[in-house]
Amino acid sequence: MILEFNNDSGLSVSEPDDFKAFKLRISGCAPGDKPVIEGVRYLPDEHAYIDQAQVIQAVGAHANADWHAGFMAMLEAASKYGWVEPGTQAIKAHIQWT
């Protein structure tokens, strides 16, 4: 699942059913720029925590029962590797600038 952001269209999701990969792709900004995005908290490196609610909102109507089951399975697997922040349950994502 790729969360895509650019200043013109905001946040959207591509490959919403790919629960094996999760990243934030930022376009239209210089590499390293960290635009303000609701539900995204940047880390000092090339990662960010993204609120689960923001992911679900960005997926929109595609977030049916099957999608939610896949999303929950992804979160369960990711938490074993420290990719889900305790307390907030935000998901850690690698950032890719294009």
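The values are calculated or read from the model by the stated rules, or taken from the named source; none is laboratory data. In this text the structure is predicted, and so the values were computed from the model without any measurement. Glycine gets a Cβ as well: all are built from the backbone with ideal geometry, and neighbour counts include every protein chain shown.
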Does residue 91 satisfy being in contact with a helix residue (DSSP H, G or I) (Cβ under 7 Å, 6 or more places away or on another chain) and at pLDDT 95 or above? yes
If we keep just the residues of region 1-60 that are small (Gly, Ala, Ser) and out of contact with any strand residue (DSSP E or B) (no Cβ under 9 Å at 6 or more places or on another chain), which is nearest to residue 79 (Cα to Cα)? 53
Counting only residues in region 1-23 that are more than 12 Å from the chain's Cα centre (by Cα) and within 22 Å of residue 35 (Cα to Cα), the one surrounded by the fewest Cβ atoms within 10 Å (Cβ to Cβ) is identified as 8
When region 58-92 is examined, which residues are found to be among the polar types (S, T, N, Q) and on the phi < 0 side of the Ramachandran plot? 64, 79, 88
So for region 24-31 (the condition being exposed (fewer than 15 other Cβ atoms within 10 Å of the Cβ) and farther than 16 Å from residue 98 by Cβ), does at least one residue qualify? no
How many residues does region 13-34 hold that are over 20 Å from residue 66 (Cβ atoms) and either basic (Lys, Arg) or in contact (Cβ under 8 Å) with a residue 40 or more places away in the chain (or both)? 11
Go through the residues of region 57-66 one by one and say whether even a single one is part of a helix (DSSP H, G or I), surrounded by fewer than 16 Cβ atoms within 10 Å (Cβ to Cβ) and within 14 Å of the chain's Cα centre (by Cα). yes
Which one is surrounded by the fewest Cβ atoms within 10 Å (Cβ to Cβ), of the residues in region 84-98 that are out of contact with any Leu (no Cβ under 8 Å at 6 or more places or on another chain) and without any contact (Cβ under 8 Å) to a residue 24 or more places away in the chain? 87
